[in-house]
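Asker: The structure is given below, and queries will be raised subsequently.
None of the figures in this text is laboratory data; all of them are computed from the coordinates on show. The shown structure was predicted, so the numbers you read here are calculated from the model rather than taken from an experiment. Glycine gets a Cβ as well: all are built from the backbone with ideal geometry, and neighbour counts include every protein chain shown.
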Amino acid sequence: MALAWFQGLFQKPAIQTAPATIENKIVIGEALQESLHKPGTADPTVGYRRLTRSDDRRDLDPVRWEWQLQLANWLWATHPVAKKCLKNHKNFICGHGFTVRATCEDSSKRAIFQSLLDKHWEINEWDTQLSKRVETLAVEGEWTYYAGSPDPVTGHVQLCKVLPENIRDIAVCRYNQERLDEVILHNELHVDGQIGKLSKLKIVHRDWRTGRYEGDTIHLGINRLSGQCRGFSDLLVVADHLDLFDNTLFTEAERIGIQRSMVWDVLINNKDDEYVRARRMQLQMEGPPRAGAVNVHGPDETWSAVTPTLNVGESIEYLDLLKTLVCAGLDNPIHWLSEGGDVNKATAGEMGGPAFAFIRERQREIIEFMNLCIGYQIQCWIDAGSLSSEFTEDDLKFEIQTRDPEKAQYQAIGAMLQALGQSLLIAQNSGWLSRQEAARAFRAAATDTGLGEFAGIPDTATLEESIAQLGTVYSN
């Protein structure tokens, strides 16, 4: 017993196995994946979607976004309907150009500020490049311009375009998912006047606390929802319909070519097979009758030209349906594509309403982009000393003007201002209003119609002087 007890001291106790535990280690910077593995697929990544970034419900993945960019450029370059629709928009948006105007009441300060604005407009070629930029915005869906290298002496900023294919991703603010924060590049940006290279660009926003613009890049993305990072082409929504339109059109072209072909059908009333075969060989060697030739045959032969019967009426209706869908997706009335149909002047005016509303909205987006550019530029002028401390915030007000795309609006505005001027003259002559009050009312009405703020006109100006100033602004 003692020996058994002594041996038990040196024996290893039985090891009890504990239940296995699974540790899930999360590595910062790596994408988590949800197990949506497709059965029978060898690739372990098939069927997974990322959890650490937005998926297709918000943004296209980089590969698909690059695909839509290439597709949009291809459709713009090759498809006549797509190009015509986008050119219609571009011509209405910037056909009369955009102008920037200082609105300071002090004439001397206004002249200094206006000269700086004109220089900014000239440096960034807004007059010469506007048409291409607006059309590119519709095709590619984005404007991204680097503005972080102002001239150290004058403060002038030259906008440098960043191509959308060089943008790997756009990061959003961690606190506000609507606010775009950084542009992450594929290839580093070489900055003029600086030694280093940039791989990330900070998007410009105005800090409401300090009133200063923070960032170095001005970005505009169209056709994106709240919370989305990248803009989309105007052509993306109709890409499939344009593809169907092309397939149907070229198929019908082949069909019409077949329909226009014809054969000579020769009926020989002879029961002798040898004679029929010999006559066939003779006709094949001689070939069909030429145009204007004399065809002589006996009563036992009947000649007739036979063409295939292929009805194309349904195909034409199908093409019209596809074209209508494309025009609706691109906010173009069907009669803007050189097709009158049953459209008259009254219906054409009503059909153009949604299209002009879209064009005004695109003009507003472009004006907001320009306002941000000039606001950032003003800050650089102040930092460089090009604008002295004598200029107050009111002295640095400006407006960007362009014409309304709809001609009927100007006809209505002209008639209204003419009637208003006559009414104010009657009120002035009757003693109901002073000359200055009538002038102030006329200027307020003209300002509300979008014709400008009439900078430099003092409140003591008369109605006649205000009307003369309106003529100057309207002619410009």
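Asker: Counting other C-beta atoms within 10 Å, which of 275, 213, 318 has the fewest, and how do the rest follow?
Answerer: Sorted ascending by nearby Cβ count, the order is 275, 318, 213.
Asker: Can you list the HN-Hα couplings for segment 64-77, worked out from phi with the Karplus curve (6.51, -1.76, 1.60; θ = phi - 60°), rounded to whole Hz and with x for Gly and Pro?
Answerer: Residue by residue, segment 64-77 yields 5, 5, 4, 5, 5, 5, 5, 5, 5, 5, 5, 5, 5, 7 Hz.
Asker: Mind sorting 157, 172, 294, 162 by how few other Cβ atoms lie within 10 Å of their own Cβ, fewest first?
Answerer: By the 10 Å Cβ count, ascending: 294, 172, 162, 157.
Asker: Going by Cα centres, segment 348-387 and segment 223-293 are how many Å apart?
Answerer: Value for the Cα centre distance between the two parts: 51 Å.
Asker: Still on this structure, I have one more. Taking θ = phi - 60°, what integer Hz values does the Karplus form 6.51 cos²θ - 1.76 cosθ + 1.60 yield along segment 429-442, in sequence order, with x for Gly and Pro?
Answerer: 5, 7, x, 6, 9, 7, 5, 5, 5, 5, 5, 5, 5, 5
Asker: How big is the gap, in Å, between the Cα center of segment 69-124 and the Cα center of segment 389-444?
Answerer: Cα centroid of segment 69-124 versus Cα centroid of segment 389-444: 26 Å apart.
Asker: To the nearest 0.05, how large is the calculated FRET efficiency for residue 121 and residue 317 if R₀ is 56 Å and r is the Cβ-Cβ distance?
Answerer: It comes to 0.65.
Asker: Let me ask something additional. Using modelled backbone amide H atoms (1.01 Å from N, in-plane), which distant-in-sequence or interchain residues come within less than 5 Å of residue 169's amide H?
Answerer: Amide H neighbours of residue 169, under 5 Å, 5+ apart: 184.
Asker: Would segment 172-315 count as rounded, prolate or oblate if I go by the C-alpha gyration tensor, calling it rounded below 1.5 in a/c and otherwise prolate when a/b exceeds b/c, oblate otherwise?
Answerer: Because a/c hits 1.5 or more and a/b exceeds b/c, segment 172-315 counts as prolate.
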